[in-house]
Amino acid sequence: MDKMKQETADLTQENIARIGELFPNIITEIKDENGKLKKGINFELLKQELSGDVVDGEESYDFTWVGKKDSIVEANTPIRKTLRPCIEESKNWETTENLYIEGDNLDVLKLLQESYLNSVKMIYIDPPYNTGKDFIYRDKFMMDKKDYEEQLGMYDEVGNRLFQNKETEGRFHSNWCSMMYPRLKLARSLLTENGVIFISIDDNEVQDLRKICDEIFGESNFITQLIWLNKEGGGSSDSKLFRIKHEYVLCYGKNKEKVTINGNEISNRDRYKMKDEHYNERGPFYLQKLAMGTIQYSQSLDYPIETPEGSFIKPADNNGGRKACWRWSEDKLKWGLESDFVVIRKDRKNIWTVYTKQYLKCDNNGITINRTQRPTGIVSDFSSTQASKYMEKLGLGSLFSYSKPMELIRYLSFLTTENSSLVMDFFSGSATTAHAVMQLNSEDGGNRKFIMVQLPEPCDEKSKAFKAGYKNICEIGKERIRRAGDQINEEIQEGNRQLRLGEEPKKPGDIGFRVLKVDKTNMKDIYYAASEYTQNLLTDQISNIKEDRTDLDLLYGVLLEWGLPLSLKHEIEEIEGVKIHIVDNDSLIACFAKSISETVIREIANRQPLRAVFRDSSFAGSSDKINVEEIFKLLAPNTSVKVI
């Protein structure tokens, strides 16, 4: 047992712990007066976290690279961008809760900070492996070879080289680290407290990635480094000394103490197909006959049981007249009937039969159990060749290289998500993660949602994808989701046509997605000197909204700023011929008409939405705006009212 300290709490260490929860990367180790190690604060890094500019001073943290400070600043730098809906490229726009976002993932992660703070249960990413080639995420703090060497101090003040750089690819490591750092930093804030992130990586950057993740998530939140055996047969990666047949999947939790891992599925999991009203607590079940043969015969277990129609049956009735008994005593049978662990019904031969319900999550004593095994650190069931097979099955052939097998991500999702979890992939590529989420939902009846993020990287004009009509990677990803979703629902329908007695039909899942695209802000950027102002200019600036922006563009910009999910239900109604946008049953009502009457304002206020927003230029002057405020104070005092 723990020994009582008999002393007051160390408030300094408690404060360090609190700060560490906000900024895990600033926690370091220092020696106390006795030479023992204890936690401390790296104040240089703390200053950097609290500053919008690069903070001068020596970088004392052990793991560093050229451009690290800039990458930290970049994560905290605001942007003037938005997400614009694209209904024509979406699927089931009105009903889906899934998102597909096109744009630089750094921008997207910044844009989603308010709407999805502490909301994502699992993130899976398969970032560029940094094999020596320049990758496509060219952030402003990335540098060419000359800039890199100058920051390293490889030239004197007149431009002469001071020493030869023997790490010729060092700048690629720095660029890669600078690319990953702000993205992971922003991703952490989106995770739920019990959320996890999985990152696929190979030997090129696995060590650097672990150091970056130790800083961002905290070394104590490292969960595992999975070894994924990705090669089958004689195939292997290039190596002069060893045949490399594996890659890695790093796993970190936001708060490891709150993370739970579902065990591996039991081998006979497919038997558990039936559901009842106890599904949430007990899981699915299968039926097992209560009668057993003569080998374990016991006279005390040989008793009659009354059927629903009033007749009685004995265990020998279904045993050819030979002696038989029940598996349960009369007292336990009574409990089973009262607790709905026993069902009496006719079998396929129209004979009354007694069954026990064998639940997945509950034993026959009503005690919750775990019929699973702890997963191991080696994943060997899903090879890279499976990825291409799935693409071929969807009719997409070899349009996308190096995608991960769907079953791998489905497995990771199974280990770490619940039925209603949100899953994110901000290097989504061919949208394998979306496919995996839909597949897992179809198997366990879940309602997981996904957010896919991908830069619309152009396809090479010589590639099979381009020749097949796909101009960029996003087009491949969206088409895969469409085809995979249709295929999954077709399989569900086929299974429903072949149900056995007592099995419930599966419901089709959410196979749609809303497409949104990163673009510049909806607001105009116009600046004039005082001498340049004219009456015409003042008139033009009554509306500061760009002319090409639609009501839907403005609405989703408002959702982002107010921190509302982008998957909320959206309806359009009309009042006096004016369109009003209703989000999530009056969580938000928006009206962007160029002119809004008092009648429309009163009608909106009477609905008492939580939030209301209007176009600033809808009102002729300040007196009209004051009138709107007074109407809401009277009719909807709890409504937050804003203009754009």
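The values are calculated or read from the model by the stated rules, or taken from the named source; none is laboratory data. Everything numeric here is computed off the predicted structure, so don't read it as measured data. Because the Cβ atoms are built from the backbone with ideal geometry, glycine has one as well, and the counts that use them run over all protein chains shown.
A few notes on this one:
- Helices (runs of 4 or more DSSP H) lying entirely in the stretch 100-193 (those with 2 or more residues that are modelled with pLDDT of 95 or more): 105-111, 170-190
- Yes/no for Tyr303 being modelled with pLDDT of 90 or more, surrounded by 12 or more Cβ atoms within 10 Å (Cβ to Cβ) and farther than 30 Å from Pro375 by Cβ: yes
- Filter result for the condition that a residue is over 30 Å from Thr95 (Cβ atoms) and either within 39 Å of the chain's Cα centre (by Cα) or at pLDDT 95 or above (or both), over Ser622, Ser567, Ser543: Ser543
- Selection within the stretch 11-31 - in contact (Cβ under 8 Å) with a residue 24 or more places away in the chain, closer than 9 Å to Ile41 by Cα and of a type outside the set (A, V, I, L, M, F, W, C): Gly20, Thr28
- Residues that are of a type in the set (Phe, Trp, Tyr) and modelled with pLDDT under 85, drawn from the stretch 391-442: Phe400, Tyr402
- Contact map, the stretch 614-626: residues that are more than 20 Å from Gly557 (Cα to Cα) paired with residues that are surrounded by 11 or more Cβ atoms within 10 Å (Cβ to Cβ) and of a type in the set (A, V, I, L, M, F, W, C), Cβ distance under 6 Å, separation 6+ or inter-chain. Pairs shown: Lys625/Phe619.
- Note on the stretch 556-644: enclosed strands (runs of 3 or more DSSP E) holding 2 or more residues that are hydrophobic (A, V, I, L, M, F, W, C) and in contact with a helix residue (DSSP H, G or I) (Cβ under 8 Å, 6 or more places away or on another chain) are 578-583, 588-591, 611-614, 640-643.
Each row is one residue, and each column tells you yes or no for (1) within 30 Å of Tyr279 (Cβ to Cβ); (2) under 27 Å from the mean Cα position of the chain (by Cα); (3) in contact (Cβ under 8 Å) with a residue 40 or more places away in the chain; (4) not in a loop (DSSP other than H, G, I, E, B).
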position: Ile451; (1), (2), (3), (4): yes, yes, yes, yes
position: Arg480; (1), (2), (3), (4): no, yes, yes, yes
position: Gln487; (1), (2), (3), (4): yes, yes, yes, yes
position: Gln498; (1), (2), (3), (4): yes, no, no, no
position: Glu503; (1), (2), (3), (4): yes, no, yes, no
position: Lys517; (1), (2), (3), (4): no, yes, yes, yes
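- Pairs linking a residue in the stretch 564-591 that is of a type in the set (Asp, Glu) to a residue that is in a strand (DSSP E or B), with Cβ atoms under 7 Å and 6 or more positions apart or on different chains, are Glu571/Ile582; Glu573/Ile580; Glu573/Ile582.
- As for the stretch 199-217, it holds no residue that is in contact with a strand residue (DSSP E or B) (Cβ under 6 Å, 6 or more places away or on another chain), closer than 16 Å to Leu422 by Cβ and at pLDDT 95 or above.
- Positions within the stretch 462-492 being polar (S, T, N, Q) and either at pLDDT 90 or above or closer than 18 Å to Ala434 by Cβ (or both), in sequence order: Asn472, Gln487, Asn489
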